[in-house]
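Below is one structure, written out as C-alpha cells, with a few remarks after it.
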Amino acid sequence: MKIRLLGVIFFVLTCTGIYSQSPADVYRKPLKEVLADIENRYKVKLNYSESLVKGVDVSYATWRYRSDIEQTLSNILMPLDMIFQKTDGNSYQISRYAYHQRPVEEGRKHLDQLLSLYPDLVSWEKRREELKKCILEQAGLSPMPARTLLNPIHTPARKFDGYTVENVGIETLPGVYLCGSLYRPARGKGPFPAVLSPHGHFTSSDMNEVGRYRPDQQYRCAMLARMGAVVFSYEMFAYGESLLQVTADDHRTGLALTMQTINSIRVVDFLTSLPYVDGTRIGVTGESGGGTQAFLLTALDDRITVSVPVVMVSSYFFGGCPCESGLPIHSCSGHGTNNAEIAAMASPRPMLVISDGNDWTRHVPDIEFPYLERVYDLYGKKSNVENVHLPDEGHDYGVSKRLAMYDFMAKHLGLNINAIRDKTGRIDESKVKIESYEAQLVFGKEGRLPPHAVKGAEGIRQVIEALR
C-alpha cells in the first residue's frame, strides 16, 4: 500500500512539474544547441565564437524555424541582437549586431538607390544642401555656436631640415582648448597653402605611438611643410592634452562628434587667419577616424579645396566610435546617407580616396569609387576624384599611402614635390625628425592650463549652449 501511494505521489509531482511550465519554458533551448540543430537540418556550416553563444538561450526555439535557412537564422538571431552573413555557398558567419556596420551588398544597393535621387546636377546640389543642413542639426550644430577669439598659445619654434614646428593651443570655444603642432616651411614668406591633419584611433600604452604624436603623423606633416605647406596636426576630442579638460570616456559619446566638428572648422579659421597662409588653398587629410573628420569637414566647409580621406570611405561601415556615428547624422532624410555619400559632398573639389584590402575599404574600387565618379561626372569633373587602392595593405597611414597623398597634394595645392626627392628622384622621408610626445605638448609635462579653462563635459555643453 505504501509503495503504491508513493508511486501516485511521484506521478502527481512529475505531471505537475511538466504541466506547470509555461510555453516559453517548454520551448526554451540553449542557443548553441539550436545552432547545432540548424546545421543538421539545413546542411549548412555556422561559424561563431564560443563566447558569443555561452549562456544564451532561445525562447520558442523550434517555433522560429522556417523552410528557408536565412529566414530561420533571422528569426533566431535578431531578437538576440546577433546577425549572420553568408561567407560562401554553404557557410554563414554569426556575430554580434553592430549598428555601425551593414552587409557589403546593402551598401552597394544603398548607393544605387541614392544615385536614383539625383540624375542631374540640380537635384544633386539640392540633395547636398539638404544633407549639409541635416548633418549640422543632428550633430548639435544648428545654430552653430558663435565664433569667438581663438587666442592662440604658441611655444617657441623648433628648427629642422626644411621646416619648423611649434606647439599651438587654440580656444575653439571660450575656455576649451584644442592642442596641436604647427608645421611651417623653413624658407619663404608665403602665402603658403595649408593642410589640416586630424588623426585616427590608434592606441598604445606608449604615448609616442598615440594620436598626433605618432611617427606616421609627424612624417606626413613635416614632409608637406618641406614641400611648402603650413600644416596643423591636431587632436581628437578626449585624446592627448584634451584629457586635461575631459575624461577618456567622453570620447565615446556624441559630444565627441560635436566637438571634433567644431574643432576642425575652427582650425580652418585659425589657419586662414595667419598672414602667411593662402586661404584659397586649404587641404585636409587623415586616416581612420581622422579620415571621417576629413570628409565630414570637407562636406560642411567650402573653404576646404582638396581632401584626402584615408582608409575610411565606405558605404556599409559608418565608424565604430560614437565620435563618428554616435549622433544620427547618417539618418538624414527618408533615404538615409552613408560615408560614401558624405565624401561625395566634396564634389567637384579634388579628392583622393585611399583604400586597402584588409578593412571596410576593400571594396572601394568596385563599389564606392564608381559611385563617386558618377557624382563628380555631374559636374563634368570626373578626373577630380581619384582612388589609390592597396590590396595587400591594412588599416594605417603607411608610407605607400603617404606617397600617394604627397603626389595629390602637390598637384592640387601647387606644392614642390621635388623638395622631398633624393638624388635618385625617390621620395625621401629620412630628413624628418621624429619628436617625443613631451616635445609636442602645449601645456608642458605638468599640464598647466590657463585659470579660466573649462573642466568636464557638462561644462563644455554649457559653453556651447551659451554661444547659440
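Every residue, every condition in (1) at pLDDT 95 or above; (2) outside the structural domain of VAL268 (by TED's automatic domain parsing); (3) surrounded by 19 or more Cβ atoms within 10 Å (Cβ to Cβ), yes or no:
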site: VAL104; (1), (2), (3): no, yes, no
site: HIS110; (1), (2), (3): yes, yes, yes
site: LEU115; (1), (2), (3): yes, yes, no
site: ARG127; (1), (2), (3): yes, no, yes
site: ALA146; (1), (2), (3): yes, no, no
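I need a count of the residues in the stretch 170-216 that are in contact with a Ser or Thr (Cβ under 6 Å, 6 or more places away or on another chain) and among the basic types (Lys, Arg). Residues that pass the stated criteria total 2. On inspection, GLU137 passes the criterion of being free of Cβ contacts under 8 Å to residues at least 24 places away in the same chain and not aliphatic (A, V, I, L, M).
Of the helices (runs of 4 or more DSSP H) entirely within the stretch 202-311, none holds at least 2 residues that are of a type in the set (Asp, Glu) and touching a Leu at 6+ places or on another chain (Cβ under 9 Å). Just one of (1) farther than 15 Å from MET351 by Cα; (2) among the polar types (S, T, N, Q); (3) out of contact with any helix residue (DSSP H, G or I) (no Cβ under 6 Å at 6 or more places or on another chain) fails for SER315. It is (3).
Exactly one residue out of GLU166, GLU171 is touching a His at 6+ places or on another chain (Cβ under 6 Å) and at negative phi, and it is GLU166.
On inspection, SER51 fails the criterion of being outside any loop (DSSP other than H, G, I, E, B), without any contact (Cβ under 8 Å) to a residue 12 or more places away in the chain, surrounded by 15 or more Cβ atoms within 10 Å (Cβ to Cβ) and within 35 Å of the chain's Cα centre (by Cα). Against the definition (surrounded by fewer than 21 Cβ atoms within 10 Å (Cβ to Cβ), assigned by TED's automatic domain parsing to the domain that holds ALA139 and either hydroxyl-bearing (Ser, Thr, Tyr) or more than 20 Å from HIS100 (Cβ to Cβ) (or both)), how does ASP269 come out, yes or no? Answer is yes for this residue. There is no residue in the stretch 148-158 that is in contact with a strand residue (DSSP E or B) (Cβ under 8 Å, 6 or more places away or on another chain), part of a loop (DSSP other than H, G, I, E, B) and under 17 Å from ASN339 (Cα atoms).
Screening the candidates THR87, THR72 for the property of being among the polar types (S, T, N, Q) and closer than 23 Å to VAL364 by Cα yields one hit, THR87. Within the stretch 455-468, identify whether any single residue is under 30 Å from THR148 (Cα atoms) and over 28 Å from the mean Cα position of the chain (by Cα), and answer yes or no. Yes: one or more hits. Scanning the stretch 319-372 for residues that are of a type in the set (Asp, Glu) and outside any helix (DSSP H, G or I) yields ASP356, ASP359, ASP366.
The values are calculated or read from the model by the stated rules, or taken from the named source; none is laboratory data. None of these values were measured; they are calculated from a predicted model. Glycine gets a Cβ as well: all are built from the backbone with ideal geometry, and neighbour counts include every protein chain shown.
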